[in-house]
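Trainee: A single structure is presented below for examination.
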Amino acid sequence: MVDPEHSVFCDYWHSRDASLRSPRGSLIEDIGRPRVEPSFMPDVIDEVMKVPDGATLAAMLKLAQIIGRKPGASTSTNFWDMMQVVVQQMRAQGERGSLVTLIATAASAILTATTTPTGWRSSLATSTAGCASWNKKADLLSASL
């Protein structure tokens, strides 16, 4: 499972502290929450990866180059995690194979401005990770395709 920056699901999955709250919401629409939802069932999830917003937006740009259309933010968050699986797990174990994912929605009007290099860089100006480093990582990950 992927969980965007400023969401509490990943932290809850590790701690089981239902009182967790995030003071702000995520930039990534449709996934993640600032509080634990009562319907969240952590015991059916094998692994959770926290994905910084900068990584999602860099993945959005890279995936758009690959498939020729603008993917949504949640799809891009999932794509980032999928590429981490390729690099960190499959390659480390000497495995080859295919990974399959779904592309649920295209980029929304809210995030359309962030799917241009200047737009997403300005939207993440306060990111501690630094947009340039995420963009470079997205280039390196996609080179392995």
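Trainee: Among the numbered criteria (1) under 19 Å from Ile31 (Cα atoms); (2) in contact with a strand residue (DSSP E or B) (Cβ under 8 Å, 6 or more places away or on another chain); (3) modelled with pLDDT of 80 or more, which single criterion is violated by Ile103?
Mentor: Only one criterion is unmet by Ile103, namely (3).
Trainee: Inside the stretch 58-74, can you point out the residues that are under 8 Å from the mean Cα position of the chain (by Cα) and either at positive phi or buried (at least 24 other Cβ atoms within 10 Å of the Cβ) (or both)?
Mentor: Start the filter on the stretch 58-74 by keeping residues that are under 8 Å from the mean Cα position of the chain (by Cα), which leaves 59, 73-74.
Result: Ala59, Ala73.
Trainee: Hey, another quick one. Please determine whether any residue of the stretch 80-93 is closer than 19 Å to His6 by Cβ and touching a residue at least 60 places away in the same chain (Cβ under 8 Å).
Mentor: Yes: the stretch 80-93 contains one or more residues that are closer than 19 Å to His6 by Cβ and touching a residue at least 60 places away in the same chain (Cβ under 8 Å).
Trainee: Please enumerate the residues belonging to the stretch 1-30 that are among the charged types (D, E, K, R) and in contact with a strand residue (DSSP E or B) (Cβ under 6 Å, 6 or more places away or on another chain). Working first, answer last.
Mentor: Going through the stretch 1-30, the residues among the charged types (D, E, K, R) turn out to be 3, 5, 11, 16-17, 21, 24, 29-30.
The answer is Asp3, Arg21.
Trainee: Looking at the stretch 31-51 only, could you name the residues that are in contact with a strand residue (DSSP E or B) (Cβ under 8 Å, 6 or more places away or on another chain) and modelled with pLDDT of 90 or more?
Mentor: Pro34, Arg35, Val48, Met49, Lys50, Val51
Trainee: Right, next: What are the residues in the stretch 29-46 that are surrounded by 11 or more Cβ atoms within 10 Å (Cβ to Cβ) and closer than 19 Å to Val85 by Cβ, if any?
Mentor: Ile31, Ile45
Trainee: Mind listing just one residue for me: the one in the stretch 16-28 that is surrounded by 13 or more Cβ atoms within 10 Å (Cβ to Cβ) and either touching a residue at least 40 places away in the same chain (Cβ under 8 Å) or among the hydroxyl-bearing types (Ser, Thr, Tyr) (or both) and, of those, farthest from Met41 (Cα to Cα)?
Mentor: Filtering the stretch 16-28 for residues that are surrounded by 13 or more Cβ atoms within 10 Å (Cβ to Cβ) and either touching a residue at least 40 places away in the same chain (Cβ under 8 Å) or among the hydroxyl-bearing types (Ser, Thr, Tyr) (or both), the one farthest from Met41 (Cα to Cα) comes out as Leu27.
Trainee: Which residues, taken from the stretch 5-15, are farther than 15 Å from Thr77 by Cβ and either buried (at least 18 other Cβ atoms within 10 Å of the Cβ) or of a type in the set (S, T, N, Q) (or both)?
Mentor: Selection gives Val8, Tyr12, Trp13, Ser15.
The values are calculated or read from the model by the stated rules, or taken from the named source; none is laboratory data. Values in this document were obtained by computation on a predicted structure and should not be read as measured data. Note: ideal-geometry Cβ built from the backbone for every residue, glycine included; neighbour counts use all protein chains shown.
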